[in-house]
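A.B. asks: One structure coming up, written as structure tokens, with questions to follow.
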There are 2 protein chains.
Amino acid sequence: MSDIDAHIPVSANLKQTLTPYLPPKGENHVTLTYAQSLDSRIAAKRDERTTISSEETKRMTHWLRAHHDGILVGVQTAIIDNPGLHCKSFTDEDYKLQEQSPQPIILDPQFRWEFKATKLACNAAHNGYKAPIVVTKSGYEIDTAKKFKKKGIEDFGGKVLMLDDFSWKSIFDALHNDCGLKSIMVEGGAHVIESMLEVGAFDSLVVTVGPVFLGRAGLEVSPKESVILDKVKWAAAERDSVMCAVQKKE
Amino acid sequence: MSDIDAHIPVSANLKQTLTPYLPPKGENHVTLTYAQSLDSRIAAKRDERTTISSEETKRMTHWLRAHHDGILVGVQTAIIDNPGLHCKSFTDEDYKLQEQSPQPIILDPQFRWEFKATKLACNAAHNGYKAPIVVTKSGYEIDTAKKFKKKGIEDFGGKVLMLDDFSWKSIFDALHNDCGLKSIMVEGGAHVIESMLEVGAFDSLVVTVGPVFLGRAGLEVSPKESVILDKVKWAAAERDSVMCAVQKKE
């Protein structure tokens with residue numbers, strides 16, 4: 001961890017609060033994390049990326065990423081945000097935290113995502129980062145266009161993981177056991193977050209609340225039913241508040 | 001303030017964070033305050049009272065009340081919650097903070113609320129608390145049932161305030177200038193909060209976020225458009241996080 005600490009300055013207070021919620025070394029662990037407004041919106045509009053985190057909590061996210069083997073987002077987020085899904089150093093822009101950068105994972109049941117010309121493709125081709133794993137539902141093996149897409153990803157060292165059962169348990173089991181990714185951080189979007197909250201498919205939860213209302217037209221996160229959390233700790237950052245918790249076991 | 005501090009123990013950290021957002025002595029001031037879940041619900045169901053605050057932040061609310069001249073809720077909240085709207089002492093149940101208890105105000109444009117048999121009526125009749133001010137729209141003066149209701153409130157020393165213009169500005173102007181209530185704390189419900197956020201009808205805002213998701217069926221608070229806040233401070237309480245802010249002036 002000394003390497004991570006040296007390059008991403010996160011306040012001692014935040015680090016101290018977050019540390020008990022980090023994946024235990026060598027154990028399977030899923031962390032669900034996202035930033036929301038006071039009115040529980042993760043974006044101002046459905047198809048728009050909105051920055052809610054401040055500089056400090058953005059750094060915190062990169063610090064969290066560096067503690068995980070894999071980082072997963074839903075296909076909609078991959079398409080709209082075109083994310084890098086790597087660990088960025090904020091103290092020295094030229095230094096890349098490649099070694100700590102987790103394996104990017106795109107959850108894409110219908111295999112809609114195009115790898116070509118994305119930030120992930122650019123990172124894999126030119127910057128030495130890992131090419132993504134795309135998790136799809138089985139049944140697309142015979143589609144020529146999709147076969148071609150699959151090859152494009154594999155050519156860069158990436159992988160297309162086809163699953164019959166698309167439950168969270170099967171997805172994480174496959175990533176843990178077949179792909180060797182013990183700790184996985186999930187960053188969104190709304191559908192992924194809600195569905196993980198609904199079935200309790202996470203070990204720890206880290207929510208950044210930004211002091212803004214995004215309004216009714218924003219992209220909301222609210223599960224179907226109530227979710228009770230356990231071992232809750234808040235850390236007041238400079239501008240945001242960060243909540244850490246684990247799933248309440250009955 | 002020594003009297004208040006003696007009887008309602010609120011942590012030094014919370015008090016320190018809240019103090020700059022309290023009404024300045026002798027100035028007109030409106031504080032908007034409420035407790036919400038992570039998914040921005042103030043109740044688990046539309047017509048149900050849900051406790052979101054922990055003991056500590058409940059005490060904080062009573063401590064905040066003791067710093068205001070008036071406390072306002074909407075008619076729907078008055079009907080569903082049957083609130084006492086007074087300052088409760090938590091250290092010594094027999095000791096009543098009557099002197100610091102603010103003037104209860106019910107915002108009730110159609111004058112639907114029944115004073116009779118409410119906690120507010122009981123408090124006024126037996127416990128020495130102030131009878132409420134009901135703020136209504138003008139035009140009900142001739143309705144016999146409503147005249148009777150009005151008399152019932154006035155008999156206990158309360159008041160029915162009739163306004164032609166029911167904008168937030170007119171309501172607070174009348175309460176400040178005609179009723180001598182300089183500092184007013186508004187506690188809800190959802191419609192009142194949203195509409196005050198939308199027009200910026202507050203000087204300071206105190207939101208308690210409880211670490212729970214209440215789910216889609218809950219009573220949501222989200223203004224029509226985005227609202228940017230200024231001078232934001234968070235205080236991590238034992239279980240909840242409390243955000244203080246002021247309205248962002250352009």
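A.B. asks: Where the convex hull is taken over the Cα atoms of the range B:166-207, what is its projected area averaged over directions, in nm²?
C.D. replies: 3.0 nm²
A.B. asks: Please compute, over every Cα-Cα pair in the range B:22-88, the percentage with a separation greater than 13 angstrom.
C.D. replies: Value for the range B:22-88 (Cα pairs over 13 Å): 70 percent.
A.B. asks: Percent relative contact order of chain A, based on C-alpha pairs within less than 8 angstrom and at least six residues apart?
C.D. replies: 30 percent
A.B. asks: Inside 10 Å of the C-beta atoms of B:239-246, what's the mean count of C-beta atoms belonging to other chains?
C.D. replies: Taking all residues of B:239-246 together, the mean is 4.
A.B. asks: Right, here's the next one. Calculate how steeply helix A:190-199 sits against the longest principal axis of the alpha-carbon atoms of chain A, using the helix alpha-carbon long axis, and give the answer as 0 to 90 degrees to the nearest 10.
C.D. replies: 80 degrees
A.B. asks: Continuing with this model, one more query. Put +1 on the Cβ of each Lys and Arg and -1 on the Cβ of each Asp and Glu in chain B; which of B:228, B:213, B:176 then has its Cα farthest toward the positive end of the dipole?
C.D. replies: Sorting the options by dipole projection puts first B:213.
A.B. asks: Quick check for me: using +1 on Lys/Arg Cβ and -1 on Asp/Glu Cβ, what's the dipole size of chain A about its Cα centre, in debye to the nearest 20?
C.D. replies: About 280 debye.
A.B. asks: Another one. Once the other residues with Cβ under 13 Å from the Cβ of residue B:85 are scored (Lys, Arg +1; Asp, Glu -1), what is the net sum?
C.D. replies: +1
A.B. asks: Which angle between 0 and 90 degrees, to the nearest 10, do you get for helix A:144-154 versus the longest principal axis of chain A when only C-alpha atoms count?
C.D. replies: Relative to chain A, helix A:144-154 is tipped by roughly 60 degrees.
A.B. asks: How large, in Å, is chain A by the Kirkwood hydrodynamic radius built from its alpha-carbon pairs?
C.D. replies: 18.5 Å
A.B. asks: When all alpha-carbon pairs of the range B:131-199 are counted, what percent fall beyond 21 Å?
C.D. replies: For the range B:131-199, the fraction of Cα-Cα distances above 21 Å is 32 percent.
A.B. asks: To continue, here is another question. Which angle between 0 and 90 degrees, to the nearest 10, do you get for helix A:55-65 versus the longest principal axis of chain A when only C-alpha atoms count?
C.D. replies: 50 degrees
A.B. asks: Now a separate question. Below 15 angstrom from the Cβ of residue B:178, what's the summed charge of the other residues (Lys, Arg +1; Asp, Glu -1)?
C.D. replies: -1
A.B. asks: When the Karplus curve 6.51 cos²θ - 1.76 cosθ + 1.60 is applied with θ = phi - 60°, which whole-Hz ³J(HN,Hα) does each residue of the range B:206-216 get, with x for Gly and Pro?
C.D. replies: Listing the rounded values in order: 10, 10, 8, 9, x, x, 8, 9, 8, x, 4 Hz.
A.B. asks: If you don't mind, there's one more thing I want to ask. So what is the relative contact order of the range B:51-191, in percent, for Cα pairs below 8 Å that sit 6 or more residues apart?
C.D. replies: 27 percent
A.B. asks: Let me ask something additional. Using the 7 Å Cα-to-Cβ label point, sort the distances from residue A:114 to its equivalents in the other copies shortest first and give them in nm to one decimal.
C.D. replies: So the label point of residue A:114 gives 6.5 nm to the other copies.
A.B. asks: Between A:74, A:128, A:188, which gets the highest mean-square fluctuation from a Gaussian network model of chain A, Cα cutoff 10 Å?
C.D. replies: In this elastic network of chain A, the residue with the biggest mean-square fluctuation among A:74, A:128, A:188 is A:128.
A.B. asks: Continuing with this model, one more query. Placing the label point 7 Å from Cα along the Cα-to-Cβ direction, what are the distances from residue B:173 to the equivalent spots in the other copies, shortest first, in nm to one decimal?
C.D. replies: Listed shortest first, these distances are 6.8 nm.
A.B. asks: Further question on the same structure: For the protein assembly as shown, what is the Kirkwood hydrodynamic radius in Å, using each pair of distinct C-alpha atoms?
C.D. replies: Roughly 24.8 Å, rounded to one decimal.
A.B. asks: Averaged over its residues, how many other protein chain Cβ atoms are within 10 Å of peptide B:29-42's Cβ atoms?
C.D. replies: For peptide B:29-42, the averaged partner shielding equals 3.
A.B. asks: Right, something else. When each copy gets a label point 7 Å from Cα toward the beta-carbon at residue B:157, what are the spacings between them in nm, shortest first?
C.D. replies: Going from nearest to farthest copy, the values are 7.9 nm.
A.B. asks: Counting pairs of alpha carbon atoms under 8 Å apart in space and at least six apart in sequence, what relative contact order in percent does the range B:129-238 give?
C.D. replies: Relative contact order of the range B:129-238: 20 percent.
A.B. asks: For the range A:11-21, what does the Karplus curve 6.51 cos²θ - 1.76 cosθ + 1.60, with θ = phi - 60°, yield as ³J(HN,Hα) per residue in whole Hz, taken in order and with x for Gly and Pro?
C.D. replies: Values, residue by residue: 4, 4, 4, 5, 4, 5, 5, 6, 3, x, 9 Hz.
A.B. asks: Now for a different question. Pull up all non-local amide H partners of residue A:160: gap of 5 or more, or a different chain, and H-to-H distance under 5 Å with H placed in the peptide plane.
C.D. replies: Amide H neighbours of residue A:160, under 5 Å, 5+ apart: A:134.
A.B. asks: Let me have the 222 nm mean residue ellipticity of chain B computed from DSSP H runs of 4+ only, each contributing -39500 (n - 2.57), with the sum over all residues rounded to the nearest 500.
C.D. replies: After summing the helix terms and dividing by the residues of chain B, the value is -7000 deg cm²/dmol.
A.B. asks: Determine the dipole magnitude for the protein assembly as shown: charges of +1 sit on the beta-carbon of Lys and Arg, -1 on that of Asp and Glu, nothing else is charged, the reference point is the Cα centre, and the result goes in debye to the nearest 20.
C.D. replies: Using only the charged Cβ atoms, the result is roughly 500 debye.
A.B. asks: Moving to a separate point now. Note down the net charge around residue B:238, summing +1 for each Lys or Arg and -1 for each Asp or Glu among other residues with Cβ under 9 Å from its Cβ.
C.D. replies: -2
Laboratory data are not the source of any read-out in this text; all were calculated from the coordinates shown. Predicted model only: the values in this text are computed from it and were never measured. Using ideal geometry, Cβ is built from the backbone for each residue, glycine included, and neighbour counts are taken over all protein chains shown.
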